[in-house]
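Novice: Before anything else, here's the structure in question.
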Amino acid sequence: MTTSPACPACLLYFDDEAAPAQRLAQAATLPAWAIDRHRFPDGELKLRLPVDAAGRLPPRAVLLRSLHQPNEKLIELLLAARTARALGAEHLTLVAPYLAYMRQDMAFQPGEAVSQQVVGGFLAGLFDAVVTVDPHLHRIDTLAQAIAVPHALALSGAEPLADLIAQRRPGALLVGPDGESAQWIAQAAARHGFDHAVCTKVRHGDRDVAIELPPLDAQGRAVVLLDDMASTGRTLALAARLLWQAGAASVDVAVTHALFAGDALQALREAGVGEVWSTDCIPHPSNAVPMAGPLARALRQCGVSC
Ligand code: R5P
């Protein structure tokens with residue numbers, strides 16, 4: 001544990017996120033303190049938070065937890081946040097580069113849980129500020145509508161990904177695989193003047209989507225598919241197949257959140273996808289765009305600094 005007696009803030013992290021925690025701590029010039037986690041034989045968790053010589057935390061604490069594979073992590077957040085308050089943290093910020101449970105934003109069938117509201121309310125009850133990247137907000141405009149805290153900051157990976165695409169595939173044709181990706185396509189295209197287009201998608205099941213290409217001339221073009229996330233990879237794989245059929249010279253993929261569940265990467269390869277690039281919001285071999293700098297700037301906006 002790196003102690004910094006003069007700093008009124010610290011960054012708390014779990015051992016499986018030590019590398020991104022160190023990058024964020026360095027960018028934000030915060031001391032990084034690891035939370036110790038023990039799993040009992042019956043599956044319960046015990047957390048031990050790092051404290052100073054007086055057994056206290058600084059008045060401002062930041063907890064880094066990216067919420068892919070989220071279920072157990074929500075219990076970790078509950079235990080860590082309540083304990084941090086008891087140990088003297090008056091202001092708590094959650095940095096969740098990937099924020100789970102945002103996609104179920106309405107009851108599509110009677111009786112369905114609206115997870116966005118339930119999980120958003122849970123997080124608002126624990127934290128004073130939440131910072132994330134490209135949360136999947138489809139039917140609402142701001143993160144604060146899902147998580148009602150004084151600082152609810154949603155950054156975007158679209159522009160940093162666009163910078164990478166401009167280096168690796170100058171003159172690329174940017175394509176969004178569905179209507180929801182239009183926002184990220186617009187941001188990325190505006191930054192580098194890429195030609196761009198957005199497909200239409202109808203989802204029939206977890207791994208079953210139908211996609212139509214928009215009117216576009218992909219003949220001989222280097223195409224990059226850009227989206228907020230790839231989960232099963234089926235959306236991007238089908239879009240890639242259609243683009244090859246339309247005469248693309250290459251098809252690569254750029255996503256903010258590299259969820260890549262199960263055989264997603266294999267599905268992309270089989271569809272002829274070349275490179276796969278992602279931000280480091282979720283640790284993955286495809287990570288090519290670091291987000292520590294923007295996250296650190298967001299922390300300063302939340303009033304967290306040394
Ligand atoms: C939904 O609209 C998202 O932006 C992604 O397109 C979607 O989550 C991708 O899911 P999958 O990779 O399972 O097709």
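Values quoted throughout were computed directly from the atomic coordinates according to the rules given, and no laboratory measurement underlies them. Because the structure is predicted, anything quoted here is derived from the model rather than measured. In this analysis, Cβ positions are derived from the backbone assuming ideal geometry, glycine residues included, and neighbour counts consider all displayed protein chains.
Novice: At a threshold of 8 angstrom on Cα-Cα distance, excluding pairs fewer than six apart, so keeping six or more, what relative contact order does segment 158-289 reach in percent?
Specialist: 22 percent
Novice: Run the simple label-point estimate for L87 and R56 please: 7 Å along Cα→C-beta, distance reported in nm.
Specialist: Taking the two extended label points, one gets 1.4 nm.
Novice: Quick one: net charge around M102, please, counting Lys, Arg +1 and Asp, Glu -1 for every other residue with C-beta under 12 Å from its C-beta.
Specialist: Taking every other residue near M102 into account, the sum is -2.
Novice: Okay, next question. Give, in nm to one decimal, the length gained when the segment between A107 and E72 is fully stretched (0.36 nm per residue of separation minus the Cα-Cα distance).
Specialist: 10.2 nm
Novice: If you don't mind, another one. Would you mind getting the Kirkwood hydrodynamic radius of segment 158-289 from its Cα pairs, rounded to one decimal in Å?
Specialist: Radius from the Kirkwood sum: 14.2 Å.
Novice: Within a 10 angstrom radius of the beta carbon, how do I165, I211, I140 rank from fewest other beta carbons to most?
Specialist: I140, I211, I165
Novice: I would also like to ask the following. So between T200 and Q219, what do we pick up on full extension, going 0.36 nm a residue minus the alpha carbon distance?
Specialist: 4.9 nm
Novice: Taking the radius of gyration and the Kirkwood hydrodynamic radius from Cα positions alone, what is the Rg/Rh ratio for segment 214-269, to two decimal places?
Specialist: Looking at segment 214-269, the ratio lands at 0.98.
Novice: Now a separate question. Let me know the whole percent of all Cα-Cα pairs from segment 158-212 that are separated by more than 19 Å.
Specialist: When all Cα pairs of segment 158-212 are counted, 32 percent exceed 19 Å.
Novice: For the chain, just list the percent of Cα-Cα distances falling in each 20 Å bin from zero outward, please.
Specialist: 33, 53, 14, 0
Novice: Let me ask something else. With a length cut of 18 Å (Cα positions projected on each helix's long axis) and a Kyte-Doolittle mean of at least -0.5, go through the chain and give me the DSSP H helices that pass.
Specialist: 71-86
Novice: Could you compute the net charge surrounding P59? Neighbours are other residues with a C-beta less than 14 Å from the C-beta of P59; K and R count +1, D and E count -1.
Specialist: That works out to 0.
Novice: Next question. Quick check: the distance between the Cα centres of segment 238-306 and segment 138-174, to the nearest angstrom?
Specialist: 12 Å
Novice: Okay, moving on. Determine the dipole magnitude for the chain: charges of +1 sit on the beta-carbon of Lys and Arg, -1 on that of Asp and Glu, nothing else is charged, the reference point is the Cα centre, and the result goes in debye to the nearest 20.
Specialist: It works out to roughly 540 debye.
Novice: Considering Cα pairs under 8 angstrom that are at least six residues apart, work out the relative contact order of the chain and quote it in whole percent.
Specialist: With pairs under 8 Å counted, the relative contact order is 15 percent.
Novice: Another question, then. Can you tell me what share of the DSSP beta bridges in the chain is antiparallel? A percent to the nearest 5 is fine.
Specialist: Taking every DSSP beta bridge within the chain, about 20 percent pair in antiparallel fashion.
Novice: Out of the DSSP beta bridges found with both residues in segment 157-306, what percent are antiparallel (nearest 5)?
Specialist: 20 percent
Novice: Counting other Cβ atoms within 10 Å of each Cβ, which trypsin sites (Lys or Arg not before Pro) in segment 46-91 have at most 15 and sit in a DSSP loop?
Specialist: Here the sparse-neighbourhood loop sites are R56.
Novice: If you don't mind, another one. For segment 208-236 and segment 54-121, write down the distance between their C-alpha centroids in whole Å.
Specialist: Here the two parts' Cα centres lie 32 Å apart.
Novice: Could you give the length gained by full extension between E180 and Q26, i.e. 0.36 nm per residue of separation minus their alpha carbon distance, to one decimal place?
Specialist: 52.1 nm
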